[in-house]
1. Filter region 155-177 for residues that are over 19 Å from residue 197 (Cα atoms) and in contact with a Leu (Cβ under 8 Å, 6 or more places away or on another chain); which is least open to solvent (accessible area, probe 1.4 Å)?
2. Could you tell me how many of the residues in region 144-182 are over 19 Å from residue 95 (Cβ atoms) and assigned to a helix (DSSP H, G or I)?
3. With the structure loaded, tell me whether residue 180 is within 20 Å of residue 52 (Cα to Cα), modelled with pLDDT under 85 and open to solvent by 30 Å² or more (accessible area, probe 1.4 Å) or whether it fails that test.
4. Among the numbered criteria (1) closer than 21 Å to residue 117 by Cα; (2) open to solvent by 50 Å² or more (accessible area, probe 1.4 Å), which single criterion is violated by residue 53?
5. Quick one: in region 66-99, which of the residues that are over 30 Å from residue 12 (Cα atoms) and surrounded by 19 or more Cβ atoms within 10 Å (Cβ to Cβ) is nearest to the chain's Cα centre (by Cα)?
6. Kindly provide the set of residues from region 1-40 that are in contact with a helix residue (DSSP H, G or I) (Cβ under 9 Å, 6 or more places away or on another chain) and open to solvent by less than 100 Å² (accessible area, probe 1.4 Å), ordered by number.
7. Cβ contacts < 6 Å: first residue under 16 Å from residue 23 (Cβ atoms), restricted to region 52-68; second residue outside any helix (DSSP H, G or I) and open to solvent by less than 30 Å² (accessible area, probe 1.4 Å), any location; separation 6+ or different chain. Result?
Amino acid sequence: MIEKLMNLQERWEAANARKAFNEAIAAAKAEIKPIVRNRIGHNNKKYADMAAVAEAVDPILSKHGLSYRFRTSQAANISVTCILFHRQGHEEETPLSAAADTSGNKSAIHGLGSTLTYLERYTLMLALGLAASNDDDGKAASEGSMISEEQIGTLTELMQSVGADKAKFLKFFKVEQLPDLPAKRFQEAINMLNAKARG
């Protein structure tokens, strides 16, 4: 009887913690403004670096009892998992994997560092359901509902690293090309490719 009561108590506490987490996420997202793409990277594409992301989200997350940390591992690919957690104990994980960045004649260690910071930035944004804006007036947040150029690059690299069949991938999502993929299905696509990587 005592064991049953303890199990009920644990489930009740877990349910309350999950509810508090969801409420905190909703409240935080309502306050976080579109993140400005403040850097120019490969092929002159603009992106928001980790400092810009952290500056935009950290104070608001803290205000609502939320925080995050990263877990990393390396095998054939580099894997980063963003662990988003609430002060009441509930946490959720968002994983993402990619091959080391060898663009621009980077050394092995620089390629590793570049990929880690990219994955940290992106898993955090995915965990929070955020997008980067092209400017600081919020207009980009309302422009269309398809995946961004940065997300296209992420999916392309991930498909290559896990050996995914692009034609089958596009057929599954009922699109003719990657830019046609709805933004709301981006996380689904990431999860599917990561599942393939795990075998």
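1. 175
2. 11
3. It is false that residue 180 is within 20 Å of residue 52 (Cα to Cα), modelled with pLDDT under 85 and open to solvent by 30 Å² or more (accessible area, probe 1.4 Å).
4. With (1) closer than 21 Å to residue 117 by Cα; (2) open to solvent by 50 Å² or more (accessible area, probe 1.4 Å) applied to residue 53, the lone miss is (2).
5. 96
6. Result: 24, 25, 27, 28, 29, 31, 32, 34, 35, 36, 37, 38.
7. If the second residue must be outside any helix (DSSP H, G or I) and open to solvent by less than 30 Å² (accessible area, probe 1.4 Å), the pairs left are 60/32; 65/86; 66/86.
The values are calculated or read from the model by the stated rules, or taken from the named source; none is laboratory data. What you are looking at is a predicted structure, and each value in this text was computed from that prediction instead of being measured. For neighbour counting, all protein chains shown are included, and Cβ atoms are generated from backbone atoms with ideal geometry for every residue, glycine included. Please note that ligands, DNA and RNA were not included when accessible areas were found on the heavy atoms of the full protein model with its side chains. Shrake-Rupley method; radii C 1.70, N 1.55, O 1.52, S 1.80 Å.
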